[in-house]
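The values are calculated or read from the model by the stated rules, or taken from the named source; none is laboratory data. Predicted model only: the values in this text are computed from it and were never measured. We place every Cβ from the backbone using ideal geometry, glycine too, and count neighbours over all the protein chains shown. When the accessible area is computed, the model is the full protein with side chains, heavy atoms only, and any ligands, DNA or RNA have been set aside. Shrake-Rupley method; radii C 1.70, N 1.55, O 1.52, S 1.80 Å.
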Amino acid sequence: MSTRYDTMFQRLTAENCGAFVPFLMLGDPTAELSLEIVRTVVAAGADALELGVAFSDPVADGPTIAKSHVRALTQGITVKRSLQLVRQIREEFPDIPIGMLVYGNVAFARGIAEFYRDFKAAGADSILIPDVPVRESASFVTAAAAADIAPIFIAPPQASEQTLAGVAAHSRGYIYGVSRDGVTGTEREARTTGLAATVQNIKRFGGAPLLLGFGISTPQHVSDALAAGAAGAITGSAITAIIEQHAEEATLLPKIANFVAQMKAATKLTAAPE
């Protein structure tokens with residue numbers, strides 16, 4: 001199994017920091033510009049990447065990221081082209097953890113074993129399939145292990161003990177903790193009140209480090225996630241909104257760089273993590 005996540009978390013612990021992980025849709029707003037955006041977020045301090053593969057029915061995503069799927073598909077992005085982009089990103093950034101967010105039909109259409117092998121060969125470290133719950137994941141976990149790629153599962157805030165135990169047992173690299181109920185997006189911001197209880201409810205089952213996502217859109221959200229005991233935060237919709245609003249402007253990359261730098265600055269811990 002790839003050790004890039006382990007190396008990242010060890011480094012961040014030594015630096016007394018949490019992780020900041022941006023989500024980016026491959027091919028949004030174009031394939032070439034999405035590569036420039038990746039380069040920008042890495043230069044601005046991103047600790048890892050979560051990269052989306054465009055899909056026609058992204059049921060876990062709110063309106064902002066759903067529109068990024070549409071923009072990428074309109075640009076002609078395909079799974080093959082997405083794999084090419086991942087390969088190029090890996091060549092440019094050999095050490096950064098690369099996680100993929102891909103919907104289940106993509107894996108089914110390609111063949112589950114081939115799906116994991118192809119993304120591993122391109123350079124991905126992990127794959128999160130948001131519409132495959134852990135209770136239905138046996139074939140995915142087996143194929144991921146055979147391909148030496150980390151399966152990531154979502155830990156919902158109100159999940160049963162059985163679900164959380166399964167997520168802890170089968171996630172590798174990190175666990176994707178959901179900061180509040182619902183879909184992705186800044187339309188309803190992260191619920192930071194009571195976040196510590198949510199984090200501790202997930203962490204009591206052990207497993208990989210916990211990263212919080214869904215609605216994390218400000219530096220304060222990042223600080224709150226870390227103060228609650230998470231190992232880091234994932235932000236998607238807030239960056240995607242910048243891309244949507246400024247895709248054709250010269251200010252796009254500077255705005256993304258400034259946003260990521262502010263979010264990363266919020267990962268500095270003022271006390272030792274629990």
Next on the checklist: Given a 1.4 angstrom probe, what's the average accessible area per residue across the stretch 4-266, in square angstrom?
Outcome noted: 39 Å²
Checklist outcome for this item: residue 99 neighbourhood, Cβ < 13 Å, K/R = +1, D/E = -1, net charge +1
Item to check | Cross-link pairs beyond the 28 Å C-alpha cut-off, checked among 67/264; 67/268; 203/255 | outcome: 67/268; 203/255
Checklist outcome for this item: Among the Cα-Cα pairs of the chain, the proportion with separation greater than 22 Å, in percent, is 52 percent
Item to check | Förster radius 41 Å - calculated FRET efficiency between residue 145 and residue 249 (Cβ-Cβ, nearest 0.05) | outcome: 0.40
Next on the checklist: Can you give me the distance in nm between label points at residue 197 and residue 7, each placed 7 Å from the Cα along the Cα-to-Cβ direction?
Outcome noted: 4.1 nm
Checklist entry - If you put +1 on each Lys and Arg Cβ and -1 on each Asp and Glu Cβ, how big is the dipole of the chain around its Cα centre, in Debye rounded to 20? => result 280 debye
Checklist entry - How many nm is it between the label spots at residue 91 and residue 261, if each spot is 7 Å from the Cα in line with the beta carbon? => result 3.0 nm
Next on the checklist: If you filter the stretch 222-261 for GluC sites (Glu not before Pro), then keep DSSP loop positions with at most 11 other Cβ within 10 Å, what is left?
Outcome noted: 248, 249
Item to check | Dipole axis of the stretch 4-266 (+1 Lys, Arg; -1 Asp, Glu on Cβ), positive-most option in 243, 52, 197 | outcome: 197
Next on the checklist: In the stretch 4-266, if the dipole is taken from +1 on Lys/Arg beta carbons and -1 on Asp/Glu beta carbons about the Cα centre, which of 82, 162, 29 is farthest to the positive end?
Outcome noted: 162
Checklist entry - Most mobile of 172, 90, 204 per a Gaussian network model of the chain (Cα springs, under 10 Å)? => result 204
Checklist entry - For the stretch 1-152, what are the per-bin percents of Cα-Cα distances with bins 10 Å wide, up to the bin holding the maximum? => result 11, 42, 37, 10, 0
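Roughly speaking, to the nearest percent, how much of the chain's 1.4 Å accessible area is carbon and sulfur?
Solvent-exposed carbon and sulfur of the chain make up 53 percent of the total.
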